[in-house]
Each structure stands twice: as C-alpha cells, then as structure tokens.
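Trainee: Got a structure for you, written out below as structure tokens; questions coming shortly.
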Amino acid sequence: MRRIIFLLYILCLSICWGQSKDISWRCRQEIDKGSNILFIGNSYTYGNALPTMLQAFCDHRKHQVKIDSYTAGGASLANHWKNPQVQRILDSKKWAVVILQDQSMTPILIPQNTLQFGAQFCKKIKNQGGEPVLYLTWGRRSTNGTPIQEDEAGLKKTYTQLAQQEDATVSPVGIAWRNCLTKHPNIPLYAPDGKHPTVQGSYLTACVIYCTLFLKSPLGLPEKISLSNKTFCKLSSIQTKALQQVAWDTFIALHPKGILKKPTTSTPHNTKSTGTQP
C-alpha cells in the first residue's frame with residue numbers, strides 16, 4: 001500500500017513538473033552491443049566517477065557498450081561547443097548517445113545559452129546518427145533539505161523546452177532527486193556545499209540515466225563499483241535498493257503505459273579536468 005501511495009505521489013510530482021506528451025523521457029533508439037556513449041559535462045558528471053558507475057552497470061547487465069566522457073570543472077555547453085577538442089571528439093567516432101549536461105545555473109540564469117548551444121549540440125549529434133540525451137540536473141539544496149523549487153522550475157522549463165525544440169530525450173535525474181529526498185530524507189544526496197552530489201547522489205543519477213538509456217529496472221545492479229582494483233563506490237544494501245527503487249518508480253511514473261515496449265530502432269573518456277564549480 002505504501003508503495004502504491006508513493007507511486008501516486010511521484011506521478012503527481014511529474015505532472016507538476018510540466019510533463020508533456022511531446023517530451024521523451026526514454027531513448028527512442030535501441031542501443032546495440034558495441035555502441036559508444038559519450039558524456040559531455042562538468043563536475044556533476046565527473047564527480048564520484050558517474051560515467052564509471054554507468055559503465056559498471058552496463059557491464060553487469062552485459063550490454064557491451066563503451067562509455068567515454070569529456071568534462072571540465074564549471075564548463076557550460078557554450079564552453080564545450082566552442083572547444084575544438086570537443087568537436088574533434090564528436091567527429092572521432094559514431095556515438096549512439098551523447099549525454100549533455102549544462103553548467104548547473106545556466107539553464108536558470110541564462111536559459112538562452114542552454115537553448116542556443118544545446119540546440120547546436122543536438123543538431124550535430126542527430127546529423128551524425130546519434131541521439132542527444134539531456135541530463136536534467138537538480139536544484140541547489142534548500143533549508144529543508146530538498147531542492148529549491150525555483151531552481152527546479154527553471155531547470156525543468158529550459159531542458160524540456162530544448163527537448164521539445166530539438167526532439168531530444170530528457171533523463172529525469174532532478175525529478176528523481178526530489179522524490180528520493182522526500183521519501184528518504186536520511187539518504188544524503190548533497191555534498192556539504194549543497195550543490196554537488198555525494199556518492200549516493202551520483203549513484204541515483206547513474207540509475208536514472210540507466211533507465212533512460214535501456215528502459216530496464218536498475219533493481220539488482222551492484223552496490224560496489226570497482227575498476228583496476230580501485231573502488232569508486234560501496235553503499236549499503238539498504239541504501240542501494242532504495243536508490244534503485246526511487247529511480248525506477250520515477251521512470252515508471254513518467255511512463256504509466258507501455259513502459260516495457262522496446263524502442264523503435266538503433267551505439268571515450270578522452271580527458272579529465274579538475275574543478276569545483278558544476
């Protein structure tokens with residue numbers, strides 16, 4: 001009964017976020033084995049090795065995809081678009097999916113920049129046969145521990161407008177953050193600065209993006225993530241299951257019908273930068 005009430009609650013939240021029939025919250029192309037997936041973003045992406053988490057999920061489920069990233073601290077989509085290295089990366093191979101994350105406040109304070117440079121990225125990605133996925137981030141932490149509603153409204157408005165304008169997919173990470181902080185206030189998603197994600201926040205983000213890309217439940221994905229004898233993430237089984245369930249419930253609420261239908265058709269971690277501003 002509690003889970004049914006929670007599903008109804010987050011369905012109401014998704015409506016409040018302005019869900020539109022014109023917005024796709026799931027990849028429309030099927031991601032084949034051997035596909036390449038690229039993240040372009042900043043510390044909200046490279047923090048806690050988010051691309052590595054997603055790669056571990058894919059390896060665990062034997063999706064056989066290769067996930068790469070190009071990130072820089074505090075970088076916006078405008079910065080990335082004007083960077084010749086980013087253009088070379090986009091041209092270097094066939095990317096099935098490119099996940100785009102703008103600087104955290106740009107969609108709120110300078111939405112025209114997100115729309116302008118996000119559109120240029122989306123057009124190029126689609127012209128090359130890939131699918132752009134917009135990584136809808138979360139608002140800054142409010143005094144009650146949940147995201148600031150004005151931040152959420154600005155992020156939602158800009159990212160969904162870009163998605164409608166360019167026929168792009170949105171990964172509802174910010175929606176899942178609010179749902180999680182409402183249902184599980186004791187799971188710390190925010191770092192002490194009230195902006196960046198903790199390991200738990202990045203794990204939830206990876207689960208939501210996994211749902212977006214593969215239309216599969218994250219329940220049962222590993223709680224410990226290691227690579228080359230280095231452990232990037234190790235959560236308790238209770239927290240892991242809670243984060244996975246919130247991600248899936250959020251995704252289901254945005255797709256009340258036909259969630260298990262297959263998508264219609266269908267693909268380098270090149271550099272790392274340091275920085276503290278998202």
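Trainee: Could you say which residue among Asn83, Asn79 is modelled with pLDDT of 95 or more, out of contact with any strand residue (DSSP E or B) (no Cβ under 9 Å at 6 or more places or on another chain) and either closer than 24 Å to Leu189 by Cβ or surrounded by fewer than 21 Cβ atoms within 10 Å (Cβ to Cβ) (or both)?
Mentor: Step by step, each of Asn83, Asn79 is checked, and only Asn79 is modelled with pLDDT of 95 or more, out of contact with any strand residue (DSSP E or B) (no Cβ under 9 Å at 6 or more places or on another chain) and either closer than 24 Å to Leu189 by Cβ or surrounded by fewer than 21 Cβ atoms within 10 Å (Cβ to Cβ) (or both).
Trainee: Turning to a different aspect of this structure: Assess whether Gln64 counts as being touching a Lys or Arg at 6+ places or on another chain (Cβ under 8 Å), of a type outside the set (Asp, Glu) and open to solvent by 30 Å² or more (accessible area, probe 1.4 Å).
Mentor: yes
Trainee: Turning to a different aspect of this structure: Consider only pairs whose beta carbons are under 8 Å apart and that are at least six residues apart or on different chains; among these, list those whose first residue lies in segment 189-207 and is at positive phi and whose second residue is open to solvent by 10 Å² or more (accessible area, probe 1.4 Å) and not in a loop (DSSP other than H, G, I, E, B).
Mentor: Gly194/Arg141
Trainee: Filter segment 77-98 down to the residues that are under 11 Å from Leu38 (Cβ atoms) and outside any helix (DSSP H, G or I) and list them by number.
Mentor: Listed by number, the residues that qualify are Lys93, Lys94, Trp95, Ala96, Val97, Val98.
Trainee: Turning to a different aspect of this structure: Would you mind finding the one in Gln64, Gln55 that is at pLDDT 90 or above and within 14 Å of the chain's Cα centre (by Cα)?
Mentor: Gln55
Trainee: Only residues that are among the aliphatic types (A, V, I, L, M) and either outside any loop (DSSP other than H, G, I, E, B) or out of contact with any strand residue (DSSP E or B) (no Cβ under 9 Å at 6 or more places or on another chain) (or both): list them for segment 110-136, please.
Mentor: Ile110, Leu115, Ala119, Ile125, Val133, Leu134
Trainee: If you don't mind, there's one more thing I want to ask. Among the residues of segment 237-252, what is the count of those that are out of contact with any Pro (no Cβ under 9 Å at 6 or more places or on another chain) and open to solvent by less than 60 Å² (accessible area, probe 1.4 Å)?
Mentor: Number of matching residues: 5.
Trainee: Filter segment 137-157 down to the residues that are assigned to a helix (DSSP H, G or I) and within 16 Å of Leu115 (Cα to Cα), then identify the one that is least open to solvent (accessible area, probe 1.4 Å).
Mentor: Leu155
The values are calculated or read from the model by the stated rules, or taken from the named source; none is laboratory data. Since this is a predicted model, take the numbers as computed values, not measurements. Ideal geometry is used to build each Cβ from the backbone, glycine not excepted, and the neighbour counts take in all protein chains shown. To get the accessible areas, we keep the full protein, side chains included, count just its heavy atoms, and leave off ligands, DNA and RNA. Shrake-Rupley method; radii C 1.70, N 1.55, O 1.52, S 1.80 Å.
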